Amino acid sequence: MSRAEVLTDQILERIKGQDVRVKREEILKRMKLLIEEFKVPESEAVRTITSYLVREYGVSREELMERESPLVRISEITKPNQWVSLKAKVVQLWDSNSPNVSQVGLIGDETGIIKFVIWTRAEMPEVQEGRSYLFKNVVTDSFQGRMQVNVNRTSKIVEIDEDIELPPREIQVVGAIISFQQNSGLIKRCGECGRVLIKGVCQVHGKVEGYDDLRIKAVLDDGESVYEIILNEGNIAGLTGIDLQKALEIAKENLDRNAVLNELRNRLLGRYFRVKGLRGGRYLLVEEIEHHKPSVSEFDHILEALA
Amino acid sequence: MIRRREVAKRVFAYELVRSTYQIEDESQPKYVLTPTGERANRIFSVAVLLDKEEIGADTNFWRLRLADPTGTFFATVGRFQPEALEVIGEINVPELIALVGKIRVFEGTSRKLVSIRPEMISAVDLSVRDYWVLETAKRTLERIKIMEERGNEDAELAWRVYNPDLEEYREMVRKAVTTVKEDVEVMERFEEEEEEIDFTGFELEEEEFDLTDLLEE
Ligand SMILES: [Zn+2]
């Protein structure tokens, strides 16, 4: 059986219970046209035909979705172009640097952590860090060799009452902060959505006043792996004594908001830290961070090994 | 396509300046192979900046001489490393610094030379140096073990290219660890004493209070 036939039968299977009189040949013809002639990705082809059936034959979209995308765990996501649903907690939101992306970050369940992208054209309500949701009918995708899930127009995001547990695999890394990434230091966030403003502009709400915040996006390197970490105001204050208030004073004294970034660079770059947190791909979600110093006993261990 | 960020490897100066073999294959970025079989594109080091010299007047191109407990090495900073350049402009030598940089191998007059192109430079305190020595010692001993077992392709290649005397590299580690350990011992003792002083201070305060009472009488 050809792929077109397989996919056609899958669609037929999904609408079986519904009282729909559509011929297999009709679906197959469209499927062949889309994937064999126009080389449309399979998931897009299925979606297009499904929409056609909803429109022309009164197929219930709700019912279709239920069957279309099985509820899976994050660890089961291994192949691109699968329609799935999952219950997960938003563990970290990042800045999106594309107007096409509404929100991007990491979600997790007890089996793992995965990157998610909510496309702007999906017109979804915004998700919040720390809250759990049912992500219905999302598409798996592979980007730079790593899996992610995409939320698009046919997806649905519903907040749920459960508190989804994250994987118990907390790791501890001692490494040096070797680089700060863009938009670190004293930043401004949009009052409406919390996104970081780039030159005073929120990518969704345009030019806004915004409020001040302190954060660092950094690269931690332990000689074996690199991790991207984000330090919030609490982490930064704990390490340097510079909280938001102090940062604003530094900016005011120097008539330059960048003075804060320079000060943080001087205090943190090239130093060693012990970081405890959850690992999701190359991201390490900081739960605790502290300065790390060696003890004499560690030196003795090495000398013993050399003896 | 965004490439995966290269890990900054830990290599002592003694080994670094002997790492003259560039791995010739299609892979990008380019790697050098160290005598104990490390494949490195970038390093992280904590060293004393002994000297900085501007090459030509107002070129803003600097040659740096650095030392860790095992030896010295060179680095060059120019306008393509703006962050490192800014720090170098302001720093006074000698100063202890942490640096991350790419390894470059070039032909000298009589032999191949190794130099670092720093991307990040930051003045740090001794405890950073101490941990770096410890970490670099551990990594080096791990590599020596793999060399002994001929445990991977890079180890095999290092044997063919350098045929290193591993005892020489063990000695390098021993030297670095021993030197720094003394400093760490002094620091730990100093910190213990500080704690004791705090405690004494607290007692004194109480005595002072008693004294005031006495004076009032
Ligand atoms: Zn906004």
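Annotations for the structure displayed:
- Per-region count, segment B:1-59, residues of a type in the set (D, E, K, R), in contact with a strand residue (DSSP E or B) (Cβ under 7 Å, 6 or more places away or on another chain) and more than 13 Å from every other protein chain (Cβ to nearest Cβ): 5
- Filtered by the rule that a residue be of a type in the set (Gly, Ala, Ser), over 19 Å from residue A:252 (Cα atoms) and away from the ligand (no atom under 16 Å from the Cβ), segment A:177-191 gives a lone residue, A:179.
- Filter pass, residue B:105 being within 10 Å of another protein chain (Cβ to nearest Cβ), aliphatic (A, V, I, L, M) and either surrounded by fewer than 18 Cβ atoms within 10 Å (Cβ to Cβ) or closer than 23 Å to residue B:169 by Cα (or both): no
- Residue A:194 surrounded by fewer than 20 Cβ atoms within 10 Å (Cβ to Cβ), under 18 Å from the mean Cα position of the chain (by Cα) and within 16 Å of the ligand (Cβ to nearest atom): yes
- Residue within segment A:147-156 that is more than 30 Å from residue A:27 (Cβ to Cβ), under 17 Å from the mean Cα position of the chain (by Cα) and not assigned by TED's automatic domain parsing to the domain that holds residue A:279 present: no
- Residue pairs meeting the criteria (Cβ under 9 Å; at least 6 apart or on separate chains; first over 20 Å from residue B:70 (Cα atoms), in segment B:158-170; second exposed (fewer than 14 other Cβ atoms within 10 Å of the Cβ)): B:159/B:150
- Candidates A:227, A:211, filtered to the one that is within 16 Å of the ligand (Cβ to nearest atom), in the same structural domain as residue A:285 (by TED's automatic domain parsing) and modelled with pLDDT of 90 or more: A:211
- Filtering segment A:93-150 to residues that are closer than 21 Å to residue A:47 by Cα, of a type in the set (Ser, Thr, Tyr) and assigned to a strand (DSSP E or B) leaves A:140, A:142.
- Just one of (1) of a type in the set (Asp, Glu); (2) farther than 30 Å from residue B:133 by Cα; (3) modelled with pLDDT under 90 fails for residue A:170. It is (2).
- For segment A:238-274, the candidate set comprises residues that are free of Cβ contacts under 8 Å to residues at least 12 places away in the same chain and of a type in the set (A, V, I, L, M, F, W, C); within that set, the residue that is nearest to residue B:135 (Cα to Cα) is A:259.
- A search for C-beta distances below 8 Å between a residue of segment A:278-307 that is more than 9 Å from chain B (Cβ to nearest Cβ) and in contact (Cβ under 8 Å) with a residue 24 or more places away in the chain and any residue that is aromatic (Phe, Trp, Tyr) and surrounded by 15 or more Cβ atoms within 10 Å (Cβ to Cβ), counting only pairs 6+ apart in sequence or on different chains, returns A:279/A:227; A:283/A:227; A:284/A:227; A:289/A:273; A:290/A:273.
- Top-ranked residue in segment A:255-277 [being more than 14 Å from every other protein chain (Cβ to nearest Cβ) and not in a strand (DSSP E or B); ranked as farthest from residue B:48 (Cα to Cα)]: A:255
- Within segment A:187-202, residues that are in contact (Cβ under 8 Å) with a residue 60 or more places away in the chain have Cβ atoms under 7 Å from residues that are more than 10 Å from the ligand (Cβ to nearest atom) in these pairs: A:195/A:95; A:196/A:95; A:196/A:183; A:196/A:187, counting only partners at least 6 apart in sequence or on another chain.
The values are calculated or read from the model by the stated rules, or taken from the named source; none is laboratory data. Quantities reported herein were computed from a predicted structural model and do not represent experimental measurements. Don't worry about glycine lacking a Cβ; one is built from the backbone with ideal geometry, like all the others, and counts go over all protein chains shown.
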